[in-house]
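Before any comments, here is the structure.
Where a number appears in this text, it was derived from the coordinates with a stated rule and is not lab data. Just so it is clear, the structure is predicted and the values come from calculations on it, not from any experiment. Glycine also receives a Cβ, built like all others from the backbone with ideal geometry; neighbour counts cover every protein chain displayed.
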Amino acid sequence: KAEEEEEVKDEAKVEGTATEDDVGTSAIAKEGEKDDDDAAEDAGETSNAEGGGEIAPPPPDASDDPTEDRPESDEEEEKKTEDENDADADAAAEVEKEKSPTEDAPEKKSIDASIFTGSNYISSEEGALYPPEPHRYTLVVSLACPWSHRTLLVRALKGLEDAVPVANADPVWDSTNNREEEDAGDAAHRGWVFARRRGEKKKVVEEEEDNDEVLVNPATTGTDVDDDVYVDPPLGATSVRELYERAGNAAQFGRGKYTLPLLWDSETSTIVSAESADVARMLNSCLNDYASDPGLDLYPPDSREEIDEVNGWVGPHLNNGVYRCGFAATQSSYDDAMDGLTRSWDRIEDALQKRPFLVGDTVTEADVRLFVTLLRFDEVYAVYFKCNARSVSNSPTMMEYCRRMYRAAPGVARTCDMDQIKAHYYRSHVELNRFSIVPRDTAFMRLLEDGGED
C-alpha cells in the first residue's frame with residue numbers, strides 16, 4: 001500500500017497536480033510572504049490595499065511531538081482555530097498599540113529649521129546641543145527695548161512664565177568699559193547694564209540734575225521693578241556686553257554689537273541666539289511641553305507666506321521707520337521716512353477695520369511685531385522721533401487693536417512698562433536729549449487699560 005501511495009505522488013508531480021503535502025508547503029510559503037509584506041508596511045515601505053491592518057503571526061516552528069501527525073478530531077481542530085485567532089488578535093492589538101500614539105499623548109512635531117535665520121536653535125532631535133528643558137534657558141531682555149518686548153510677548157502668550165526665567169537689564173544705558181579700558185582712557189561704550197541686580201539698586205544722583213555739563217546719563221530711572229519676577233543675570237554679569245564676551249561661543253557673535261534680546265543656555269554658558277525673530281520662534285514652537293497654551297501657534301505653516309509678506313513692509317516702514325525718522329540727519333531723509341511710515345500706518349488701519357488681527361482672526365507673529373511699536377508710539381515716537389503725523393489714541397481702530405492685544409493673555413500687561421520705556425528713550429540717547437528730560441505722561445496707558453471710561 002505504501003508503494004502504491006508513492007507511485008500516486010510521483011504521477012501527481014509529473015501531471016502538475018498539487019498533493020496534500022505540497023498544499024501545506026505552499027500555504028506556509030504564502031504565509032511567509034504575508035509576513036514580509038506586513039513588516040514592510042510597518043517600515044512605511046508598502047501600503048495595505050485591503051485596509052485590514054492586522055499583522056499575521058509567523059508560521060509555527062516544527063514540533064518534536066511524536067503525535068503531531070495524528071489526525072485531529074473536529075472539536076480539536078475547532079479549538080485550535082479559536083486559539084490561533086485569539087493569538088492573532090492579541091498580536092495585532094500589541095502591534096497597533098506600539099504603532100499608534102495614545103489619545104492622551106500629543107503627536108510630537110519636528111521643528112522646521114528653515115524658520116530660523118541662525119544655526120543655533122532648541123531642538124528635540126537626538127544629540128541636539130540645545131534640547132528643550134524647563135528653567136535651562138534664560139531670556140535676557142530689557143522691558144524698554146521693543147525687540148526684547150517681542151520675545152516677552154511670545155513668552156506671555158504661550159504661557160511659558162514658569163519655564164523660561166527672565167533677566168531684565170536696566171532701561172538706561174551706562175558705561176560698560178572694563179577696568180583696562182578705563183585705565184587706557186578708551187572712549188566709553190554705553191549699553192545695557194544690570195544696575196538693578198537684587199539688593200544692588202543704585203540711587204539717582206540728584207546733584208547731577210542741575211549740572212549743565214553732564215552728558216552721561218545716570219544708570220537708574222527711579223522706576224520700581226518687581227525683583228521677584230526677574231532673576232539675576234547669568235554669570236553674575238554687570239552688563240550685556242560682559243555676557244557676550246564671556247559666553248562660550250563669543251567668537252560666533254563678534255565684538256561691538258551687544259544687543260538684546262538674547263537667549264542664554266545655563267548648561268553650556270553659551271548664547272543660543274541674539275536674534276529676536278529666532279528667539280520668538282523658539283519660544284513659540286520649541287518648548288510646547290512646558291507651555292500652558294501649547295496649541296497656540298503664532299507662526300502657523302498655512303499662514304507663513306502672508307505673515308512674512310506683512311512683516312516685509314511693516315518692519316522697514318514702521319518698526320524701523322520710527323528710528324529712521326528720529327535719527328534722520330537731513331530734512332529729505334526725514335520726509336522720506338515719514339512718507340513710508342504714514343503709508344504703512346494707513347494700510348494697517350484699513351486692514352484692521354476689516355479683521356481683528358493683521359493676518360486673519362487670531363493673533364500671529366505679525367501682531368506681536370506691530371504691537372510693540374504701537375505701544376511706544378504716542379508716548380515716545382510721536383514726540384521724541386518726530387512721528388507726530390499719526391497717533392494711536394486718535395485712531396479708534398488702532399486703539400481698539402492695542403486693547404485687544406493687551407488683553408490677549410493674562411501675562412501681556414506685565415510686559416508693558418511705560419515708565420521703563422520712557423526712561424530708556426529719553427535718558428539713553430544723549431545726542432537727542434542732552435539733559436535727559438522725560439516728558440509727562442499722556443493718557444495713553446489709561447486708555448489702554450480701562451478704555452478711558454474714568
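Residue ranges 382-395, 327-340 sort as 382-395, 327-340 when ordered by packing (mean number of other C-beta atoms within 10 Å per residue, highest first). Between GLU449 and GLU400, the modelled label-to-label distance comes to 2.4 nm, taking each label 7 Å out from Cα in the direction of the beta carbon. Set the Förster radius R0 to 25 Å, insert the Cβ-Cβ distance between ILE437 and THR330 as r into 1/(1 + (r/R0)^6), and round the FRET efficiency to 0.05. Efficiency, rounded to the nearest 0.05: 0.50. In terms of its C-alpha gyration tensor, the stretch 333-408 has a prolate overall shape, because the principal axis ratio a/c (a ≥ b ≥ c, square roots of the eigenvalues) is not below 1.5 and a/b outweighs b/c. Modelled label positions at SER292 and GLU126, each set 7 Å beyond Cα in the direction of Cβ, lie 3.6 nm from each other. Around the amide H of VAL272, modelled in the peptide plane, lie the amide H atoms of LEU263, TRP264, ASP265, all under 5 Å away and 5 or more residues distant in sequence or on another chain. Shown in residue order for the stretch 259-267 are the 3J(HN,Hα) couplings computed by the Karplus curve 6.51 cos²θ - 1.76 cosθ + 1.60 at θ = phi - 60°: 9, 10, x, 9, 9, 9, 9, 6, 6 Hz (x for Gly and Pro).
Near GLU133: Cβ cut-off under 11 Å, other residues only, Lys/Arg at +1 and Asp/Glu at -1. The net charge is -2. Classify the stretch 397-454 as rounded, prolate or oblate from the Cα gyration tensor: take a ≥ b ≥ c as the square roots of its eigenvalues, call it rounded if a/c is under 1.5, otherwise prolate when a/b beats b/c and oblate if not. The shape class here is prolate.
The SER119 and SER175 beta-carbon pair, evaluated with R₀ = 35 Å, returns a calculated FRET efficiency of approximately 0.60.
For the stretch 317-328, the Karplus equation 6.51 cos²θ - 1.76 cosθ + 1.60, evaluated at θ = phi - 60°, returns couplings of 9, 10, 4, 8, x, 5, 6, 4, 5, x, 10, 4 Hz by residue, with Gly and Pro reported as x.
Rounded to the nearest whole Hz, the Karplus-based 3J(HN,Hα) values (6.51 cos²θ - 1.76 cosθ + 1.60, θ = phi - 60°) of the stretch 161-171 follow the sequence 4, 7, 10, 10, x, 10, 10, 9, 7, 4, x, with x at glycine and proline.
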